[in-house]
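One structure is given below, encoded as structure tokens.
The values are calculated or read from the model by the stated rules, or taken from the named source; none is laboratory data. This structure is a prediction, so every number in the text was calculated from the model and none was measured. When we count neighbours, we look across all protein chains shown, and the Cβ atoms used for this are built from the backbone with ideal geometry, even at glycine.
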Amino acid sequence: MAKGGGLKAEPLTPARDLIASAEPERILVVCLRYLGDSLLLRPALRALRNRFPHAQIDVVVAAGTAIALQGDQNATSVGEWPRAFGSVLVEACRIRRCRYDWLVDFTGNDRSAFVSLASGARWRITYDRPRFAEWTLRRAAYNVRIRHRKKKPHTIIQRLELLEACGVPACGTEVDLVPDVEARNWAEAQLGGLPRPILAAHLTSRDMQKAIPVSSAASVLREFIAAGGSVILTSGSAATEREHVATAVAGLPSNRVRTFSDATFQQLAALLAAADFYWGADTAPSHIASALGRTMLVEFGPSRASHWYPLGEAAEFVEHPCSCQAAKSNTCRKAVPARCLVEAGPGAALDWLRRVTVQRGPAGDRGG
């Protein structure tokens, strides 16, 4: 079991022509992936704002993920890249009219390459990906390409190093996140009457291969409740996720359990902030819990912990070796927890929970 800890960015070879040019007045940041990816943009946006305090810094993210940047004062605006083809052309034309000086792409897929090419930005910046030929869209769409280290670090550090190579110093790796007052009041009402300590668990993922198996979840939740605690379980709204959670809590005392499958981003953050501990799979809520500074454990199986492990002194993670990481193709069955997670069982989570419960002290003492 490893500690999340903190990180320190290491500068790479600068893009000298870019640094020597005039400071940008308009910057577009592109991240067309998932909710957690958008949330982890916050340290990069803070670095850009600190370096260019008067610049217009716009962000375009995947549809449904802009909520992760709600309230971030470092972004001038946050927009979502549309799904419909007609809307894509309209948005591409709008971006072109903005006449950006810089475009920084943290995605590296065909959609973000199209955004880069359509933008007409003076400097179009991304990671160098030598496996793609020069004539492919993913390389031709950029004129500043920065090479990764030989061994790629955490996603936040990858992004900060890309910016540092362009003359933008890092300003810490913290993912600043504070639930709004309305969401905090809602969470307080939802959890009223639950005995402490409270364990928040997010067992599922949109990719159910990363989900914590029902058998492991049931063992951990049962022991925690037997010791006097309560549990709240969050999930996505998909039927597979709801069924997974329902099976895990079957037979547990209803007065010690709350389940939430339709919470908004802010409500989810407020629920996790109100809990004493967090345990989950490699998924967006784990990044939210990390941003909130929770005492937490994340279990990794088919995904790589080196890129996504939780940061923070109270954050821990465990990586269960999976054949998927060594294979060129995914060898685990779809839509069910990976073999490595099933075979690992509940041991790591039980050991962690027993230890942190003792360290925390009497029920209800959250230690700040």
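Structure above, values below:
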| read-out | value |
| --- | --- |
| Count - residues of region 210-248 that are part of a helix (DSSP H, G or I), over 26 Å from the mean Cα position of the chain (by Cα) and not polar (S, T, N, Q) | 5 |
| Residue match in region 63-78 (condition: assigned to a strand (DSSP E or B), surrounded by fewer than 15 Cβ atoms within 10 Å (Cβ to Cβ) and out of contact with any His (no Cβ under 8 Å at 6 or more places or on another chain)) | yes |
| From the options 254, 216, 290, residue that is touching a residue at least 24 places away in the same chain (Cβ under 8 Å) and more than 26 Å from residue 64 (Cα to Cα) | 216 |
| Positions within region 306-332 being modelled with pLDDT under 90 and among the aliphatic types (A, V, I, L, M), in sequence order | 311, 326, 327 |
| Region 249-285 - residue that is surrounded by fewer than 24 Cβ atoms within 10 Å (Cβ to Cβ) and among the charged types (D, E, K, R) and, of those, farthest from the chain's Cα centre (by Cα) | 256 |
| Lone qualifier among 22, 47 - being among the hydrophobic types (A, V, I, L, M, F, W, C), modelled with pLDDT of 95 or more and either outside any loop (DSSP other than H, G, I, E, B) or closer than 21 Å to residue 96 by Cβ (or both) | 47 |
| Evaluation of residue 208 against (1) of a type in the set (A, V, I, L, M, F, W, C); (2) farther than 30 Å from residue 48 by Cβ; (3) at pLDDT 95 or above (one fails), failing number | (3) |
| Inter-residue pairs, beta-carbon under 8 Å, first touching a residue at least 40 places away in the same chain (Cβ under 8 Å) and at negative phi and in region 79-96, second exposed (fewer than 15 other Cβ atoms within 10 Å of the Cβ) and of a type in the set (A, V, I, L, M), 6+ apart | 81/63 |
| Test: residue 136 is surrounded by fewer than 22 Cβ atoms within 10 Å (Cβ to Cβ) and among the polar types (S, T, N, Q) | yes |
| Answer residue from region 171-205, given it is more than 17 Å from the chain's Cα centre (by Cα) and of a type in the set (Asp, Glu) and is nearest to residue 50 (Cα to Cα) among those | 180 |
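Table: residues versus (1) surrounded by 14 or more Cβ atoms within 10 Å (Cβ to Cβ); (2) free of Cβ contacts under 8 Å to residues at least 60 places away in the same chain.
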position	(1), (2)
102	yes, no
114	yes, yes
117	yes, yes
129	yes, yes
153	yes, no
163	yes, no
189	no, yes
197	yes, no
204	yes, no
